[in-house]
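Data block below; observations after.
Any read-out appearing in this document is the output of simple, stated calculations on the displayed coordinates, not a laboratory observation. Everything quoted here is computed from the prediction, not taken from an experiment. Counting neighbours? That spans all protein chains shown, and the Cβs are built from the backbone with ideal geometry, glycine included.
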């Protein structure tokens, strides 16, 4: 039994150059589709060209590693032990980046093992899903930032409740001896409805005009909160 295990571990199972080239070529081809998918779904300031190129390199490197360890049991065990002590601390700006990292690794594993059908069909479905849904952004939130004198604290809270009722969520409230700062979260739908009411039959002053009439107002800012800003 011991002799059988030793022979199994020493069996390297060398591949011919044609097979190696074919697996690397297929892996590189699918890596290009990953590149295109990431570029399309991350269009804007959040797009990182360096990270996109790294995804292609990750696919080809994983393919090469799988070609080596897939035909040598002893080397595969050593590779698992070596990779177990490696720590990756790359900051992930977008949760979708994690999907692309796993996609690149899975494609490399499939191509390195010769499972081209799994790599191709899986990548096609993943490409379509990310192409259709990958450009969805959380841009429906608005932040209303108000800084005023501490004496106006109750008046500002009452005015916000009068305009938005419970649809304005207080996220931050910072106070000092003389000033107070409010950060309210509003939806785009709420702001649009208020704009229609202001121009329609229920015409009234805008929220900024009403706030500045209180007096002692330092600033009143309306900021759009989306994925690109939060990242």
Ascending count of other beta-carbon atoms within 10 Å, so fewest first, for 28, 175
175, 28
What distance in nm separates the simple spin-label points at residue 189 and residue 158, each placed 7 Å from Cα in the Cβ direction?
3.1
Starting from the Cα-Cα distance between residue 16 and residue 36, subtract it from 0.36 nm times their residue separation and give me the gain in nm to one decimal.
4.1 nm
To the nearest 0.05, how large is the calculated FRET efficiency for residue 102 and residue 165 if R₀ is 45 Å and r is the Cβ-Cβ distance?
0.55
Quick one: if the Förster radius is 22 Å, what FRET efficiency do residue 131 and residue 57 give, using the C-beta to C-beta distance and rounding to 0.05?
0.50
For residue 115 and residue 49, what is the calculated FRET efficiency with R₀ set at 35 Å and r taken between the beta-carbons, to the nearest 0.05?
0.70
